[in-house]
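Below is one structure, written out as structure tokens, with a few remarks after it.
The values are calculated or read from the model by the stated rules, or taken from the named source; none is laboratory data. Keep in mind the model is a prediction, meaning the values are calculated, not measured. So basically every Cβ, Gly included, is an ideal-geometry build from the backbone, and we count neighbours across all protein chains shown.
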């Protein structure tokens, strides 16, 4: 029967792969386990084996293109397949591929579709005006130059004049909608203003380096992939906040005008935005729950909140609230305390920033936490300690999960001072190419001098290049060193041979040649030797 | 009220007027024994006899010439030219005699005739049998021009036309003959020169007549689903033209789309647009749009004919250009 070959998942975190090339042609036989195509993932190139015995019937995944995992790439035929069945399988595969591509990257981040825009006017006044608008403007004594047109081709129409008049009179075109005090909006309005009036709000904001937690999350999600567990940052925030609250009981308190109740349990609420307003169900007894239980609980509460299926007990008895506006790109804000609680944590978006770490420039991920507290109960210094403790845990999460930091070279930002030997080679060759345009005689002259020198003669190329290495070191030319070490090794020289050549240079050049040998030459051998 | 076709409504108007006034008679090619090329005059020969239902020879000149003479002499002829496309054959009788006599004889002569003609495309009748030539008629002082779109209007307007003391051109659309509608029984007249608001709306005025009224109404329904409320006006009579109803509507909506099946160049829509621009300019919040046929003979091939005739989509497109 006909088989549809899918983009395989070649690693725990793989979301999509790029087809480098097909190793078989259409119509060619392929055995089970034989390499069928080469796929590039984020990290490596992998030869993908055929999952079937048969013939490669039709290829539908194009080389050079990326595809999400599990989308069809080809149809394989078995002996005895009839044409109709193959064509049917091909149609199915093609439509599945199209559907997957149309639907975004199958679970990968979907970009929000841009809404159509009506461009803003830049300069005031319009060249065109409808007669009706002109008459109205004349009757009202309004200069048309003051009005921007919204009609076809920017024409000023009656509505524009009416809007202008309303604007000048300080009116806004509005619609009055009563707020029913019994409605969700009414309840929210009442609670918010009460909280503002009763509690002495102060907000502290502090930036957190989330790079490690991001790594932990990726590691745990990879470990949890089999169980289909996927942790969100909120899950971690709830867990660590629970821990911090257990160490700062006053922050985990509820208060009235006269009493402070130090809560025995730690029930962390998570604000859920609904169309008609906000609701804050809470996760009870956070410290005794595993991260997985917290994650499941939050997902369950949010889903049921959206369907208005929450039990009142799930909203009551909260002791602390987390509200996350990160998904909306908000960085910091001043959340209003969910009374009678005494503090609330606002979570901002995670942003990548370059920052100096141990004298090197790194790419790291930062997030702002905004802690609003009721200053009647909690002093600023206590709140700052609480926030500091929470951040300390968020920035050093590994021990809490018995994990090790994953090596991540992407963190390092390469700068001019840290050029690799390849960068040096590259800058010379691109410079030479550019010079061919700017001063062709010079560039071509140089090349025609070099070509006959560095060719096979009585001396071999390798020998000549090794001589050049020694002279390059002696001349203290970083570019010449990189180029000739590269050429020498390309011509078959070993690292030791290069070092011997360097020794000759040191014999003549002394300390300066030695300095170039231990830095530049060694770096080149290391880079080009592999 | 009974449900009747446009064709039956015309037949009913003819019969009622012939019974009411014995001076009324009809003549034309095949109107008698055959009942009319499109069956509109079916049964009238049996009811009124060959003296009042005359089968004419194939000569538009004879039909019109005799009708003008009879009208001036005191009868009320209702001649039929089978297709408006053939009116050129008897144009002198129409434009130099019928249309001028009342004026040239200082009001002493009257020409009470109603010229019925079939117009319109959409039935695969090709370039010589499908035209809409109303603009041509509207250009001649002394002629009134009536173009009903519904069965009730067809009856009420024809009765008024027959009672009018001077020439009235009555254009019935071939593709509307089978369209049904409620038609009042018995005495029912509609004054010439009175438009009808077929659908109320506040956002845009669509002026359409004859076949195009139905397409405009359909377009208005679609537009309403998108939140655009179109007011659809049927002038019903092009001469005299009910400016007041149109201007009032434009004052309300600020926007005008004119729809007719005739070619756009030199069409009556141009006259309406000019009238509005001259007299109602300050009410306009957008330029006037015309939806009409391209300047070309009507194609015979059915797909080309369909592309040629203005339709709902073109009306919607014109309206949407405002928003």
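Here are the numbers for this structure:
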{"quantity": "Qualifying residues in the range B:244-267 (those that are more than 22 Å from residue B:218 (Cα to Cα) and in contact (Cβ under 8 Å) with a residue 60 or more places away in the chain) - the one nearest to the other protein chains (Cβ to nearest Cβ)", "calculated": "B:267"}
{"quantity": "Members of the range B:268-292 that are away from every other protein chain (no Cβ under 14 Å) and surrounded by fewer than 21 Cβ atoms within 10 Å (Cβ to Cβ)", "calculated": "B:270, B:271, B:274, B:275, B:290"}
{"quantity": "Odd one out for residue A:286, checked against (1) over 17 Å from residue A:316 (Cβ atoms); (2) modelled with pLDDT under 95", "calculated": "(1)"}
{"quantity": "Check on residue A:185, modelled with pLDDT under 90 and more than 14 Å from every other protein chain (Cβ to nearest Cβ)", "calculated": "yes"}
{"quantity": "Among the residues listed as A:403, A:435, A:442, the single one being farther than 30 Å from residue A:195 by Cβ and not in a helix (DSSP H, G or I)", "calculated": "A:403"}
{"quantity": "Residue match in the range B:47-67 (condition: touching a strand residue (DSSP E or B) at 6+ places or on another chain (Cβ under 6 Å), under 17 Å from residue B:10 (Cα atoms) and modelled with pLDDT of 95 or more)", "calculated": "yes"}
{"quantity": "Some residue of the range B:163-186 being at pLDDT below 95, over 20 Å from the mean Cα position of the chain (by Cα) and away from chain A (no Cβ under 14 Å)", "calculated": "yes"}
{"quantity": "Unique residue being over 24 Å from residue B:156 (Cβ atoms) and over 18 Å from the mean Cα position of the chain (by Cα) when the list is B:56, B:98, B:2", "calculated": "B:56"}
{"quantity": "Any strands (runs of 3 or more DSSP E) falling wholly within the range B:32-139 and containing at least 3 residues that are touching a helix residue (DSSP H, G or I) at 6+ places or on another chain (Cβ under 8 Å) and surrounded by 23 or more Cβ atoms within 10 Å (Cβ to Cβ)", "calculated": "B:76-81, B:114-119"}
{"quantity": "Residues of the range B:237-267 satisfying the condition of being touching a helix residue (DSSP H, G or I) at 6+ places or on another chain (Cβ under 9 Å), surrounded by fewer than 18 Cβ atoms within 10 Å (Cβ to Cβ) and not in a helix (DSSP H, G or I)", "calculated": "B:264, B:266"}
{"quantity": "Residue within the range A:249-267 that is in contact (Cβ under 8 Å) with a residue 40 or more places away in the chain, farther than 25 Å from residue A:197 by Cβ and surrounded by fewer than 18 Cβ atoms within 10 Å (Cβ to Cβ) present", "calculated": "yes"}
{"quantity": "Hits in the range A:239-251 (condition: touching a strand residue (DSSP E or B) at 6+ places or on another chain (Cβ under 8 Å) and under 23 Å from residue A:292 (Cβ atoms))", "calculated": "A:241, A:242, A:245"}
{"quantity": "Residue within the range A:258-270 that is assigned to a helix (DSSP H, G or I) and touching a strand residue (DSSP E or B) at 6+ places or on another chain (Cβ under 9 Å) present", "calculated": "no"}
{"quantity": "Unique residue being loosely packed, with under 14 Cβ neighbours inside 10 Å and more than 14 Å from chain A (Cβ to nearest Cβ) when the list is B:224, B:306, B:220", "calculated": "B:306"}
{"quantity": "Flag if residue B:111 is modelled with pLDDT under 95 and more than 20 Å from residue B:58 (Cβ to Cβ)", "calculated": "no"}
{"quantity": "Only listed residue being at pLDDT 90 or above and either within 30 Å of residue A:494 (Cβ to Cβ) or surrounded by 15 or more Cβ atoms within 10 Å (Cβ to Cβ) (or both), chosen from A:449, A:411, A:394", "calculated": "A:394"}
{"quantity": "Test for residue A:307: is it assigned by TED's automatic domain parsing to the domain that holds residue A:211, within 22 Å of residue A:192 (Cα to Cα) and either over 20 Å from the mean Cα position of the chain (by Cα) or modelled with pLDDT under 95 (or both)", "calculated": "no"}
{"quantity": "Any pair with Cβ under 7 angstrom, 6 or more apart, that starts in the range A:352-374 at a residue that is outside the structural domain of residue A:212 (by TED's automatic domain parsing) and ends at one that is crowded, with 19+ Cβ neighbours inside 10 Å and modelled with pLDDT under 90", "calculated": "none"}
{"quantity": "Total residues in the range A:146-181, condition exposed (fewer than 10 other Cβ atoms within 10 Å of the Cβ) and either within 11 Å of residue A:130 (Cα to Cα) or away from every other protein chain (no Cβ under 11 Å) (or both)", "calculated": "9"}
{"quantity": "Any hit, the range A:306-315, residues being surrounded by 14 or more Cβ atoms within 10 Å (Cβ to Cβ) and in a loop (DSSP other than H, G, I, E, B)", "calculated": "yes"}
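Here is a yes/no grid of residues against (1) in contact with a strand residue (DSSP E or B) (Cβ under 8 Å, 6 or more places away or on another chain); (2) more than 30 Å from residue A:228 (Cα to Cα); (3) at pLDDT 85 or above:
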| site | (1), (2), (3) |
| --- | --- |
| A:45 | yes, no, no |
| A:55 | yes, yes, yes |
| A:61 | yes, no, yes |
| A:77 | yes, yes, yes |
| A:117 | no, yes, no |
| A:122 | no, yes, no |
| A:138 | no, yes, yes |
| A:141 | no, yes, yes |
